[in-house]
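Student: My questions will all concern the structure given below.
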Amino acid sequence: MILRSYLVKPLLAIAGAIFVAIIMIVAARFLVLSNQYVRLGIKEISVDEVMLKKGGAVSYLRSTGYKQKRMFWAAPIDYVLATPEWVTFPYNPPLSLEEAVAISKRWQHAKGINAPFVSHVSLYQKPPGSKRWAYTINFDPNTDTRMTSGDAASSVVVLLDGTVVKRTVQK
């Protein structure tokens with residue numbers, strides 16, 4: 001009996017630790033599988049039309065794309081003002097062009113879009129005079145048959161903290 005109680009406590013402690021470890025692994029795996037952006041390290045942000053019209057958002061881009069759908073890329077003003085400042089030249093931006101392009105390619109890949117060729121990149125100061133900037137990265141739409149010129153997938157807006165500004169389709 002003494003030997004038995006001597007072995008039971010450590011075995012129960014080991015079994016409990018294994019059970020907790022399994023639960024943690026399953027929970028972590030679920031989080032990764034349920035949100036592919038967590039795995040890719042991509043943050044997304046967007047606003048609706050109401051917030052944009054009320055002036056609570058910063059608009060980066062507007063477009064009429066495939067099937068004449070009107071789209072816009074905008075982020076909440078409070079979020080934008082919390083991103084890193086850039087005092088421009090001669091200083092480099094907090095997020096390099098290479099990093100912004102890599103983030104936009106990972107974001108497109110996560111969406112199932114294959115557009116490897118960048119056609120041009122713009123750097124916008126929004127809101128004007130705020131020292132907050134964002135990259136607009138445009139991809140060649142001819143590299144993926146699902147894209148057309150002006151399509152939402154051909155443009156990606158990346159803030160200087162690495163957040164992708166998700167497009168919103170107007171209703």
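Student: Being among the aliphatic types (A, V, I, L, M) and at pLDDT 80 or above narrows it down to one of ALA115, ALA153, ALA110, so name that one. Before the answer, list the steps.
Tutor: Numbers: ALA115 fails: at pLDDT 80 or above; ALA153 fails: at pLDDT 80 or above.
On inspection, the qualifying residue turns out to be ALA110.
Student: Check whether at least one residue in the range 85-93 is aliphatic (A, V, I, L, M), in contact (Cβ under 8 Å) with a residue 12 or more places away in the chain, exposed (fewer than 15 other Cβ atoms within 10 Å of the Cβ) and in a loop (DSSP other than H, G, I, E, B), and report yes or no.
Tutor: Checking the range 85-93: at least one residue is aliphatic (A, V, I, L, M), in contact (Cβ under 8 Å) with a residue 12 or more places away in the chain, exposed (fewer than 15 other Cβ atoms within 10 Å of the Cβ) and in a loop (DSSP other than H, G, I, E, B).
Student: Only one of (1) β-branched (Val, Ile, Thr); (2) within 15 Å of VAL169 (Cβ to Cβ); (3) at pLDDT 70 or above is not met by VAL58, so which one is it?
Tutor: (2)
Student: To continue, here is another question. Would you point out which residue out of VAL101, VAL32, VAL38 is closer than 14 Å to LEU160 by Cβ and either modelled with pLDDT of 80 or more or touching a helix residue (DSSP H, G or I) at 6+ places or on another chain (Cβ under 9 Å) (or both)?
Tutor: VAL101
Student: Hey, does the range 45-53 have a residue that's β-branched (Val, Ile, Thr), outside any helix (DSSP H, G or I), modelled with pLDDT under 70 and closer than 28 Å to TYR135 by Cβ? Let's see the steps before the verdict.
Tutor: At the first step, the residues of the range 45-53 found to be β-branched (Val, Ile, Thr) are 45, 47, 50.
Subset that is outside any helix (DSSP H, G or I): 45, 47.
Among the residues that remain, those that are also modelled with pLDDT under 70 are: none.
No; the residues of the range 45-53 include none that is β-branched (Val, Ile, Thr), outside any helix (DSSP H, G or I), modelled with pLDDT under 70 and closer than 28 Å to TYR135 by Cβ.
The values are calculated or read from the model by the stated rules, or taken from the named source; none is laboratory data. Since the model is a prediction, treat every value here as computed from it, not as a measurement. Neighbour counts run over all protein chains shown; Cβ positions are idealised from the backbone, glycine included.
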